[in-house]
Structure formats: structure tokens, C-alpha cells
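The values are calculated or read from the model by the stated rules, or taken from the named source; none is laboratory data. As the structure is a prediction and not an experimental result, all values here were calculated from the model. In this analysis, Cβ positions are derived from the backbone assuming ideal geometry, glycine residues included, and neighbour counts consider all displayed protein chains.
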Amino acid sequence: MKNDIHLHFRQNQFTTLKLLFYLTLSIIFLVLDNNYAISNKVRFNTSYIIEPIYTISAWPSSIYNNISKHFDSKKDLIKKNELLEKKIIIQSGIIQKIPSLQKENKRLKELLNSSTTTNSLKILIAELIKVNLSPFSNKLIINKGKENNLYLGQVAIDNLGLLGQVSEINKDFSVITLISDPGHALLAVNARTNKRIVVSGIGDNRKLKAIYIPLNEDVKQGDILITSGLDNIFPEGYLIGQITKVEKNLNQNFQDVDIVPSSSLSSNREVMLLW
């Protein structure tokens, strides 16, 4: 029993000595470090050894961040790409409209220029409501009527040439019979020869016929036909069309002559009415 007490005492005494030793050593190091900055030098010199360890230990976090950034960037790029595609579609729609706007602007300018060169006392621009083009009837319906003082037989033109005549008038709309209508005929003049020619519609808005032209009449491809003003219907000097075909058959009494109308008989959106 006594031996156990003695050993325990010696062990406690040794522990106390170790504590005093380490405490003294710590104080010495603190004094030296305070005076000579030893710890800074040691840290500086050992940083070359520790830095690779830090770098290696940071790899997993760096790899995770890079992968996360990659996927985030990919998502952002996909979203941006989708937005750009939508903008391209919208802009394509807008771009697709630009030529029609340019044509519209040009057409309106031509209408204004045409209206300034006519000798008519009054011009009214009307918009088309409906186009009725068939082999039996070539007519336009416009948004002007009795309220606008239209009258039967009134002449209608576009910026390129003669269209036809007002054939029906209602309160707020009217009907124009085109020169391509099978029942329509007018007296024209060949601008090259100054000879009078009868022009008739055949129901085809792309073609007119010159009728009753003798075989010896001087008619050529490319001749321009204009209104004569002698039929007391159409004013003088408006373009009717251009001769595109001349055929002479000795078995026939008259030449077969085709004319392409100057006016846009089927593609107008506005027409001009003359007084």
C-alpha cells in the first residue's frame, strides 16, 4: 500500500516538472519570437512545403466550382440562345414586312405624282373592298358611293393606267367594271401611228384584245395604246396597254392582236376616280 502511494506521488511530481518545463520553453519562444520574429521566418520558409498541400486540398472544391460554372454557363447560353432565336423570328417578321412597306410607299408616291399630272378637276382615292375576277365578270368593289358623289360611267385609273368605269353605285360602296371585262370595249389610239384601235376585254385580267384591225394596218409588237378621248367616256392620254402579239392570217379578215394592260387590274389596293 505504501509503495502504491509513493509511485503515485512520483508520477504527479514528474508531470508537474514537465508542465513547468514546457511553460518555460513557451515563454522563451514567445520572447524570442517577439524580439526576432522567428515564427514569421519559419512560416515563410515552410510555406513552400505547405502550399502544394493547400493546392491539392483545394482541388475538389475547385473542380466542383468549375463544373458548376460550366453547367450554369451552359444554361445561361441556352436561355440566351432561345431569346436570340425568338428575337430573330420577330425581326424576321419585321424584315419580311419592310419590302411591302417600301412598295406601299412607292405606290402612294406614284399615286400622288399621277394625280398631279392629270387635267381632271377632281380626284378621289378609293380603297378596294373586294375583287371579282372571273371569265364572265371582271369587277372591283370600292368603299365609295353616293355619299361621295360618284356617278355611273365615272372613270377609274391607278398609278399605271386605265382601270375601268363605275357601273353600280350604292350608299357607301360602288362597283367598277374593268376594261378586261368581256362586255367592255373602248376606243384607243396607237401612240406610234396615231391610228385608232378598238380594244375589248376577254375576261382575262392579264390580256386585252385589239379588234377589227385590217390586215394591212400598221401594227407592231411594242406599240403603246392610249385613250383617244373620242368616245366621250375616257379622257384622252391615259395608258391602256402595250401590244405583245400580232398575227396575220390571210384566211381571216382582221389581225389577231394581244395587248397587256398597263394597269394592275388584279393587284391594286387603291384606285383613283376622275371627275
| said: Restricting to the range 169-184, give me the number of residues that are of a type in the set (A, V, I, L, M, F, W, C) and out of contact with any Asp or Glu (no Cβ under 9 Å at 6 or more places or on another chain). | reply: 4
| message | Quick test for you: out of Leu239, Leu230, Leu265, pick the one residue that is over 43 Å from the mean Cα position of the chain (by Cα) and either within 12 Å of Ile197 (Cβ to Cβ) or in contact (Cβ under 8 Å) with a residue 12 or more places away in the chain (or both). | response | Leu230
| Qualifying position, being modelled with pLDDT of 95 or more, buried (at least 19 other Cβ atoms within 10 Å of the Cβ) and over 24 Å from Leu150 (Cα atoms), among Val246, Val257, Val189, Val198 | Val257
| query | Here are some residues: Val219, Val246, Val199. Which one is more than 23 Å from Gln154 (Cα to Cα), over 37 Å from the mean Cα position of the chain (by Cα) and not in a loop (DSSP other than H, G, I, E, B)? | reply | Val246
| task | Go through (1) out of contact with any helix residue (DSSP H, G or I) (no Cβ under 6 Å at 6 or more places or on another chain); (2) closer than 19 Å to Val260 by Cα; (3) not charged (D, E, K, R) and name the single condition Asn159 misses. | result | (1)
| remark: Scanning the range 124-181 for residues that are in a loop (DSSP other than H, G, I, E, B), acidic (Asp, Glu) and either surrounded by fewer than 21 Cβ atoms within 10 Å (Cβ to Cβ) or free of Cβ contacts under 8 Å to residues at least 40 places away in the same chain (or both) gives Asp172
| query | Any residue at all in the range 222-242 that is in a loop (DSSP other than H, G, I, E, B), exposed (fewer than 14 other Cβ atoms within 10 Å of the Cβ) and small (Gly, Ala, Ser)? | reply | yes
| request: Could you please give the count of residues in the range 129-159 that are in contact with a strand residue (DSSP E or B) (Cβ under 7 Å, 6 or more places away or on another chain) and within 21 Å of Gln242 (Cβ to Cβ)? | output: 5
